[in-house]
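As structure tokens, the structure follows; a few thoughts come after it.
None of the figures in this text is laboratory data; all of them are computed from the coordinates on show. In this text the structure is predicted, and so the values were computed from the model without any measurement. Note: ideal-geometry Cβ built from the backbone for every residue, glycine included; neighbour counts use all protein chains shown.
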Amino acid sequence: MKERKIVIATHGTLAEGFRSALKIIATDEGVETYCCYTTPDFNLEKTIQTIMDAYDEETQELYVFTDLYGGSVNNGFVNALKNHQFHLITNTTLGVLIDFILTNPNQDEIETKLNSNDFKAVYCNTALVNIEGIEEDL
Amino acid sequence: MIKALRIDHRLVHGQVAFTWTHFLSATRIIVIDDKVANDDFQKMTLNMAKPAGCKLNIFSVSKALERADKIDSLNDNVFIIFGNCKDAAGYITGHPKFKELNLGGIAKKEGSKKYGDVVYLAPDEEEELRKIQATGCELFIQQLPTTKRDPLKL
């Protein structure tokens, strides 16, 4: 089986923020983070090239998590899909990352999970009222 | 069967709902906490926090003790969470059958001593934990399955 490689790339220091949260809740082992546009000379193409140069498609399987669908960081990685074989997930939430790290899902499972309600933003006020199935006993 | 017991003042939260539940393959979480068992709003919030596909019960110590044998013999992989040392001691001394208890998070308070990054014990809590130790139950501090396990030295 190929070695799984995880990259988190975001606008600003959100990626490091994800790492900090992962460290508390699960683990940040094996996670690479890229905080984009935090310096004036930041170059997205170069950064992506560096990631792809270090990625061995023969022995590794790369999963890239970005912050925003339609944002430049994700757009940059979408372009890279033309020449490189890797998985790209965007609109990443902490829940998606934790679940991915802990359960090691295959491609089908990832798609199913991302399409489920488990990782969507939730309006808690209504959710709380609609809670069902509190078990009063065993 | 019972997979693990933990004291965690945050009850069901990220570390518990995701990481420990996954690590233990828990299918049922039982919260034993007198205060929460009598607070309908907090029961609702815990139900919101429970992991997908996992059952949740919230019992007072006395209600849990009445069901202790049944809890032991459940087919589920059970993860028991106590909100504080007193309720943990109440259950474990009333049903002294456990080999070990994990101290997850116990909040800092006036007069408490630091035992770990997130474990602070006041004298009355130390006393409760001694009662648990006296049943032959080993106490250890561990935040996550992947972080180090330190035996508690009172």
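Sequentially through region A:51-58, phi angles give Karplus couplings (6.51, -1.76, 1.60; θ = phi - 60°) of 5, 5, 5, 8, 9, 9, 4, 5 Hz, Gly and Pro residues having no value and appearing as x. Ellipticity at 222 nm from helices only: DSSP H runs of n ≥ 4 in chain A, each -39500 (n - 2.57), divided by the residue count, give -11500 deg cm²/dmol. Can you work out D for the protein assembly as shown in µm² s⁻¹ from Stokes-Einstein, where Rh is the Kirkwood radius over C-alpha pairs, the temperature is 10 °C and the viscosity is 1.306 mPa s? My calculation gives 75 µm²/s for D.
Net length available on complete extension from residue B:138 to residue B:62 is 25.1 nm, with 0.36 nm assigned per residue and the Cα-Cα distance removed.
Report, in deg cm²/dmol and to the nearest 500, the calculated mean residue ellipticity at 222 nm for chain B, where each DSSP H run with n ≥ 4 adds -39500 (n - 2.57) and the sum is divided by the residue count.
That calculation yields -8500 deg cm²/dmol at 222 nm.
With everything on Cα atoms, drop me the angle between helix B:123-134 and the longest principal axis of chain B, reported from 0 to 90° to the nearest 10. The helix B:123-134 is inclined about 70 degrees to chain B. Summing +1 for each Lys or Arg and -1 for each Asp or Glu among the other residues whose beta-carbon sits under 12 angstrom from that of residue B:63 gives -4. Compute the long axis of helix B:40-49 from its Cα atoms, compare it with the longest principal axis of the Cα atoms of chain B, and write down the angle in degrees, 0 to 90, nearest 10. Taking the Cα atoms of chain B, the angle to B:40-49 is about 80 degrees.
Counting only other chain Cβ atoms within 10 Å of each residue's Cβ, the peptide A:18-29 averages 3. Around the amide H of residue B:56, modelled in the peptide plane, lie the amide H atoms of A:135, B:29, all under 5 Å away and 5 or more residues distant in sequence or on another chain.
Simple point charges give the picture: +1 on the Cβ of Lys and Arg, -1 on the Cβ of Asp and Glu, and for the protein assembly as shown a dipole about the Cα centre of about 620 debye. You can think of it this way: the chain between residue A:69 and residue A:84 has 3.5 nm of extra reach, that is 0.36 nm per residue less the Cα-Cα gap. For the pair residue A:49 and residue A:116, a Förster radius of 41 Å applied to the C-beta separation gives a FRET efficiency near 0.75, rounded to the nearest 0.05. For region A:67-136, the relative contact order comes to 25 percent (Cα pairs under 8 Å, sequence separation of at least 6).
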